[in-house]
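These notes concern the structure reproduced below.
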Amino acid sequence: MSINESDQTITDWPDSGSEVPTLPVGRLVYASVCLVQAAVLDEMRRIRDHALAHNGPEGIRVALLYMSGWFVEWMEGPEGAIQALLQRVAQDPRHQGIKVIHRSVGRPRLFRPWIGSIVQTPERPDAFGLRVFEQLDRFESGQVVDPASVWLALCSPAVAAMPTPLGQYPRIMLLSARGARAFDLITWLARAQRQPLVRRRFAGAADDAPDVESDYLDLPALGRQGLRLIANARKGLAMGMTHAFLPDYTAVVVLLDQDAAANQRIIDRVLAACRQVHHLPTIVGLGTQAELSTDLMEQVERQGLAWRAARTLTGKPDLGDYWVALLPALNALE
């Protein structure tokens, strides 16, 4: 659906309203120093409850990040309503030194009434503040960027010396059909490659969209551009943050299981998510010969997505075997 055909589209995401705008909306991103003294996660949930009660009727959708002692909020909706919300935030004692670092009109990326994100990082508040001022300088100098680029630059910066800037290297999602093997794999890989692993937690905007983790690892030596691997929880496919950034993924790697029904469920979820955002990433199947079924491949290809099977696993593979099997498929994506 193009933005000229309709200004609404129906969604079936659990933390979404039934309709979201597709015509251009006002978009604003600000950063502020967090003055919350209690547990930030509890405070984020209180902010969520207030936002769901008040922002929805005004057509506003927001994503709120807490990281290194700072809040960053991305707002979308009617420009007048966004400005009124910004003024309310300026009077909120939880915020100090508000700085608007992006303002534009364009196609929406936030399809949920509220998204919350907490990133665990050793970065000091003053170092994060320097990155905020870099974004402020870009904004004030008139550089035109997408709000998603501003958000990613702050909440998911490259944690290693990547050979290309953020946004130019491939982003690969890892999902497990069962268990937490995707998280286990990048945790093992971070140790094996001696690269830092960044742990993130996203808060849903509804009771049936619980908090989930999403960790990422940068591999600067992989390919010409470097590579980012992001392990997502299966429940995360129904989260607003996954929805907002799914179009930025080059591929989705599915770590398959002996349970064929579990494999079918995860493929169904991935395809449903891609339909929602009209995105066609490559789907990489990683498993044994029995797990890499022709039915899964045909289902993916019927939706117009490319299917690529990683090198077949044999016996009882360990995490190192998974990486050896996956690496050629990732190299072939460039």
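The values are calculated or read from the model by the stated rules, or taken from the named source; none is laboratory data. Owing to the predicted nature of the structure, the values given are computational and were not obtained by experimental measurement. Quick reminder, even Gly has a Cβ in these numbers, built from the backbone with ideal geometry, and neighbours come from all protein chains shown. Remember, those area values only see protein heavy atoms, side chains included, never the ligands or the DNA or RNA. Shrake-Rupley method; radii C 1.70, N 1.55, O 1.52, S 1.80 Å.
Based on the Cβ-Cβ distance from Ala290 to Glu213, what FRET efficiency comes out when R0 is 30 Å, to the nearest 0.05?
Efficiency, from the Cβ-Cβ distance: 0.55.
So which residue, out of Thr242, Thr314, Thr164, gets the largest mean-square fluctuation from a GNM of the chain using Cα contacts under 10 Å as springs?
Thr314
Take the chain, connect every pair of alpha-carbon atoms lying under 10 Å apart with a spring to form a Gaussian network, then pick out the residue of Asp146, Asp268, Asp42 with the largest mean-square fluctuation.
In the Gaussian network model the winner is Asp42.
Tell me the mean residue ellipticity at 222 nm calculated for the chain from its helices only (DSSP H runs of n ≥ 4, each -39500 (n - 2.57), averaged over every residue, nearest 500).
Helices in the chain give a 222 nm mean residue ellipticity of -10500 deg cm²/dmol.
Residue by residue, what Karplus-based ³J(HN,Hα) values in Hz, rounded to whole numbers, does the stretch 165-178 have, using 6.51, -1.76 and 1.60 with θ = phi - 60° and x for Gly and Pro?
x, 4, x, 9, 9, x, 10, 10, 8, 10, 10, 9, 5, 9
Could you work out how much longer the chain between Asp92 and Phe133 gets when fully extended? Use 0.36 nm per residue separation minus the Cα distance between them, nm to one decimal.
Net length gain for the segment: 12.6 nm.
Roughly speaking, what is the stretch gain from Glu79 to Arg107, that is 0.36 nm per residue apart minus the C-alpha to C-alpha distance, in nm to one decimal?
Here the segment from Glu79 to Arg107 would lengthen by 8.8 nm.
Rounded to a whole number, what % of the accessible area of the chain do carbon and sulfur atoms account for, probe 1.4 Å?
50 percent
With both bridge residues required to lie in the stretch 168-273, what share of the DSSP beta bridges run antiparallel, to the nearest 5%?
Taking every DSSP beta bridge with both residues in the stretch 168-273, the antiparallel ones total about 55 percent.
How fast does the stretch 107-253 diffuse by Stokes-Einstein, in µm²/s, taking the Kirkwood radius from C-alpha pairs at 25 °C and 0.890 mPa s?
In µm²/s, the coefficient is 151.
Given the options Ala148, Ala39, Ala81, which has the most mean-square fluctuation in a GNM of the chain, springs set between C-alpha atoms less than 10 angstrom apart?
Per the Cα network of the chain with a 10 Å cutoff, Ala39 tops the list.
In percent, how large is the relative contact order of the chain, given Cα pairs closer than 8 Å and 6 or more residues apart?
16 percent
So how far, in whole Å, is the C-alpha centre of the stretch 176-199 from the one of the stretch 93-145?
Here the two parts' Cα centres lie 28 Å apart.
Using a 1.4 angstrom probe, figure out how much accessible area the chain has per residue, in square angstrom, rounded to the nearest whole.
44 Å²
What is the extension gain from Asp126 to Arg194, computed as 0.36 nm multiplied by their sequence separation minus the C-alpha to C-alpha distance, in nm to one decimal?
My answer for the length gained is 21.9 nm.
Which of rounded, prolate or oblate describes the stretch 277-334 when judged by the alpha-carbon gyration tensor and an a/c cut-off of 1.5?
Here the stretch 277-334 falls in the oblate category.
Provide, as a two-decimal number, the C-alpha radius of gyration of the stretch 187-268 over 2.2 N^0.38 Å, N being how many residues it has.
1.22
So what J values fall out for the stretch 126-138 if you push phi through Karplus, 6.51 cos²θ - 1.76 cosθ + 1.60 with θ = phi - 60°, rounded to Hz, Gly and Pro as x?
Those phi angles translate into 5, 5, 5, x, 4, 6, 4, 5, 4, 5, 5, 4, 4 Hz.
Using the Karplus equation 6.51 cos²θ - 1.76 cosθ + 1.60 (θ = phi - 60°), what ³J(HN,Hα) coupling, rounded to whole Hz, does each residue of the stretch 35-50 give in order, writing x for Gly and Pro?
10, 5, 9, 7, 4, 5, 4, 4, 5, 4, 5, 5, 4, 4, 4, 5
Give, to the nearest whole percent, the P(r) tail of the stretch 53-125 beyond 14 angstrom, counting all Cα pairs.
When all Cα pairs of the stretch 53-125 are counted, 64 percent exceed 14 Å.
Please report, in whole Å³, the volume per residue of the convex hull around the C-alpha atoms of the stretch 118-171.
Taking only Cα atoms, the stretch 118-171 has a hull volume of 106 Å³ per residue.
log₁₀ I(q)/I(0) of the stretch 239-297 at q = 0.14, 0.24, 0.29 Å⁻¹, via Debye over equal Cα point scatterers, no solvent, to two decimals?
Debye curve over Cα of the stretch 239-297, log10 I(q)/I(0) at q = 0.14, 0.24, 0.29 Å⁻¹: -0.39, -0.98, -1.24.
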